Structures are given as structure tokens and as C-alpha cells.
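A short write-up of the structure that comes next.
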Amino acid sequence: NSHLRHVEKDVLIPQIMRERAKERCSDKVQAFTKCCQETGLLMVVKCRQENTALKDCLVGYYSDPAFYEECKTEYLKQREEYRATGIKKKKQKVTSNV
């Protein structure tokens with residue numbers, strides 16, 4: 001049964017999308033993080049370019065219907081495994097401070 005509850009559509013699937021998009025934009029995440037670490041308080045001004053590149057990358061994934069479907073399929077697979085086994089899949093920690 002692939003019917004999705006409101007919380008799944010609005011919370012759980014977007015959560016997978018954010019994690020996956022961050023992984024796929026990891027080069028931009030690292031560039032922005034590095035810039036912030038190097039510039040301190042001036043990061044708002046100095047890291048504008050890196051911040052824009054990161055946002056564009058993430059938003060590109062968030063607004064891609066194919067990416068949504070891919071993440072929905074991943075979610076449904078996890079949900080099915082959980083329902084079959086009762087064991088929740090360990091969440092992978094994405095080490096990033098974005």
C-alpha cells in the first residue's frame with residue numbers, strides 16, 4: 001500500500017530530500033562551510049557567492065519532480081522494511097553544519 005499520510009508527504013519525504021540533496025551538493029556545502037570558518041563575522045558579505053551556489057544546488061533538487069519521486073520510493077521502501085521487520089533503519093548522520 002503506497003498511500004501517503006499528510007505527515008509522510010510534508011515531513012518525512014522532504015527530510016529524505018534534504019539529506020540526499022545535501023549529499024549531492026556536498027562540494028558546495030564544504031565550500032560554504034570553509035568560507036564561513038575562514039571569514040568569521042564577515043561571512044554574510046564574504047560568502048555570498050558560496051551561499052548562493054549552495055542554495056541554487058539545493059533548490060534545484062527540491063523542485064525536481066523526478067528527485068521527489070526517487071526520495072518517495074526510498075521512503076516507501078524503508079517504510080515497507082520497517083513494517084515487515086519492526087526494525088527502524090539507522091539514520092545515516094550527515095556530518096555537516098548547514
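Here, each number is a calculation from the coordinates, and none is a lab measurement. The shown structure was predicted, so the numbers you read here are calculated from the model rather than taken from an experiment.
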(message) Counting only pairs 8 or more residues apart or on different chains, how many lysine pairs in segment 6-71 have their Cα atoms under 17 Å apart?
(response) 7
(message) Expected output is a single nm value to one decimal: the length gained when fully extending between VAL44 and THR73, i.e. 0.36 nm times separation in residues minus the C-alpha distance. What is it?
(response) 6.7 nm
(message) With an 8 Å Cα cut-off and a minimum separation of 6 or more residues, compute the relative contact order for the chain in percent.
(response) 36 percent
(message) What is the angle, in °, between the Cα long axis of helix 26-39 and the longest principal axis of the Cα atoms in the chain? Nearest 10 is fine, range 0 to 90.
(response) 40 degrees
(request) Please give the calculated 222 nm ellipticity per residue for the chain, where each DSSP H segment of at least 4 residues contributes -39500 (n - 2.57) and the sum is spread over every residue; nearest 500 deg cm²/dmol? (result) -21500 deg cm²/dmol
(request) Specify the angular offset, from 0 to 90 degrees and rounded to the nearest 10, of the alpha carbon long axis of helix 13-24 from the longest principal axis of the alpha carbons in the chain. (result) 50 degrees
(request) Calculate one ³J(HN,Hα) per residue across segment 41-47 by plugging θ = phi - 60° into the Karplus curve 6.51 cos²θ - 1.76 cosθ + 1.60, and present them in order as whole Hz with x for glycine and proline. (result) 5, 7, 4, 4, 7, 6, 9
(message) If you fit an axis through the alpha-carbon atoms of helix 48-62 and take the longest principal axis of the Cα set of the chain, what angle between them do you get, 0 to 90°, nearest 10?
(response) 10 degrees
